[in-house]
Every structure is written in C-alpha cells, then in structure tokens.
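Comments concern the structure below.
The values are calculated or read from the model by the stated rules, or taken from the named source; none is laboratory data. Owing to the predicted nature of the structure, the values given are computational and were not obtained by experimental measurement. Ideal geometry is used to build each Cβ from the backbone, glycine not excepted, and the neighbour counts take in all protein chains shown.
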Amino acid sequence: MKDFFYNSLSCIAGSSVAGVLLFFIIKQWLGTEIEQRTKHGYDRALEEFKNNLILEQNELINKRDREIHADSKLLSKFLDEFPPRGTIQVIRMASGRIFYASIFELLDQLTNVWKLPDHSFFDADINRALDSLLTYAQTFANELSANTFPKNGRPDLYEIPLERKNEDYENYQQVLNMIYAYRDQFIEAYVEFVKIARSKLGFAFQD
C-alpha cells in the first residue's frame, strides 16, 4: 500500500524538481508519522504492562498480609490453649513415677486437634515446626500410655506401678528414663515452635 502511494505520487509529479521535492517531503512525513504511531503503541503497551505488574505486586502483598493476620490469630489460639506457664510448665517440672492427668489431656488435644487442616499455618516454616512438635507429642503420649495407669482413688493422677520398681528396678529405671527423654524432646520442640512462629510473624503477633 505504501509503495502504491509512492508510485502514484511519482506519476503525478512527473520528473520535475518540484515533484521530486514534494515526493521527498511526503515520504519523510509518512515515515515520521508511522514511527510516532509505532512508538505510541509501544509506550501504551509498556505502560499497561507496568500497571498490571503493580496490581499483581499489590495483590501478593495483600495476600501475604491476610496470611500473616490469620497465622497470628492461630498462634494466639495455640498459646491460649498451651501457655508456657500452664500444663507445659507442669510437664517440664515432672519427675518420679507419678504424672498428672492434665498432661494426658494436653497431649491428646494437641495430637488430635492441632493436626487437623483448619489448625495449619500458611507459613511453611511455622507449619514444619508444628509438625515436629506434634510428632514429639505423639511419641511422648505413646510412651506414657504404654507404661502408666490411673492411680487408685486419684482420678487426677497416673503412675508407673510401684510393683514394677520392686520387681525389676533396672527395667523400671529404663522406662522412666525413656519417658523423660521423650518429655525433654517434646519441650524442646514446643520452645522451638513458639520461637519460630513469633519470629516469622513479627510485629503482627504483637498487635
């Protein structure tokens, strides 16, 4: 189409100097017009791309803010149910062959409720720390359940039967050591989970 227009101008102008000059001027004008329109289209496409990129970034920021807010609420719920100075402290200070029933209740709630999907965190590092805590809680609970029994007349207590201590002290001591080894792993996992969660959530948790 462009060549046809140029050819038509050449026929009209003939071979005169004026015609050649007119042809050159129109050719330059067309070239400039095409270049400007092309540049305008490129600039418009670039601006549209930049705007879309900003919108996507803002959406990602908003999404992360919502996730931090949800994780902060979930952490607050966790610490309400398992405060460091509550039954966790009772577990930490336990010794001997007798254990409070509240320890079993805490471990049961932790391993059965907090493994459910609606108790998972958006943050992958926090979730991994929670999974580790749940694993150690289950191991500790299993060891307690296998070796302790309700104490007669005391529904709030469980015990390793005294007969086991008298009949086979070495085995009794091994069982006791195993229970407290798992207890220590559980407490360490609890402390690590809380530390990671508070660190990752930062000021959002303090609000």
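Look at region 77-111 and say how many of its residues are among the basic types (Lys, Arg), assigned to a helix (DSSP H, G or I) and in the same structural domain as Lys151 (by TED's automatic domain parsing).
If we filter region 77-111 for residues that are among the basic types (Lys, Arg), which is where we start, we get 77, 85, 92, 97.
From what is left, the residues that are assigned to a helix (DSSP H, G or I) are 77, 92.
This time we only want the ones that are in the same structural domain as Lys151 (by TED's automatic domain parsing), so: 92.
Count: 1.
Assess whether Arg164 counts as being at pLDDT below 95, farther than 27 Å from Asp65 by Cβ and surrounded by fewer than 15 Cβ atoms within 10 Å (Cβ to Cβ). Show your work before the answer.
On the way: at pLDDT below 95: yes; farther than 27 Å from Asp65 by Cβ: yes; surrounded by fewer than 15 Cβ atoms within 10 Å (Cβ to Cβ): no.
Taking the combined requirement at face value, the residue does not satisfy it.
Out of curiosity, is Tyr190 assigned to a helix (DSSP H, G or I), within 17 Å of Thr87 (Cα to Cα), modelled with pLDDT of 95 or more and among the hydroxyl-bearing types (Ser, Thr, Tyr)? Give the derivation first.
Values: assigned to a helix (DSSP H, G or I): yes; within 17 Å of Thr87 (Cα to Cα): yes; modelled with pLDDT of 95 or more: yes; among the hydroxyl-bearing types (Ser, Thr, Tyr): yes.
Answer is yes for this residue.
Filtering region 127-161 down to residues that are assigned to a helix (DSSP H, G or I) and among the acidic types (Asp, Glu), which residue is surrounded by the most Cβ atoms within 10 Å (Cβ to Cβ)? Spell out the reasoning first.
To start, the set of residues in region 127-161 that are assigned to a helix (DSSP H, G or I) comprises 127-147.
Remaining after also requiring among the acidic types (Asp, Glu): 131, 143.
Numbers: Asp131: 14, Glu143: 17.
Per the stated criteria, the residue is Glu143.
Please verify whether Phe122 is in a loop (DSSP other than H, G, I, E, B) and surrounded by 14 or more Cβ atoms within 10 Å (Cβ to Cβ), treating the condition exactly as stated.
Values: in a loop (DSSP other than H, G, I, E, B): yes; surrounded by 14 or more Cβ atoms within 10 Å (Cβ to Cβ): yes.
Judged against the criteria, Phe122 is a match.
Go through (1) modelled with pLDDT under 70; (2) more than 43 Å from the chain's Cα centre (by Cα) and name the single condition Asn58 misses.
(2)
Run Tyr182 past the list (1) farther than 17 Å from Thr111 by Cβ; (2) part of a helix (DSSP H, G or I); (3) touching an Asp or Glu at 6+ places or on another chain (Cβ under 9 Å) and report the number of the one that doesn't hold.
Of the numbered conditions (1) farther than 17 Å from Thr111 by Cβ; (2) part of a helix (DSSP H, G or I); (3) touching an Asp or Glu at 6+ places or on another chain (Cβ under 9 Å), the odd one out for Tyr182 is (1).
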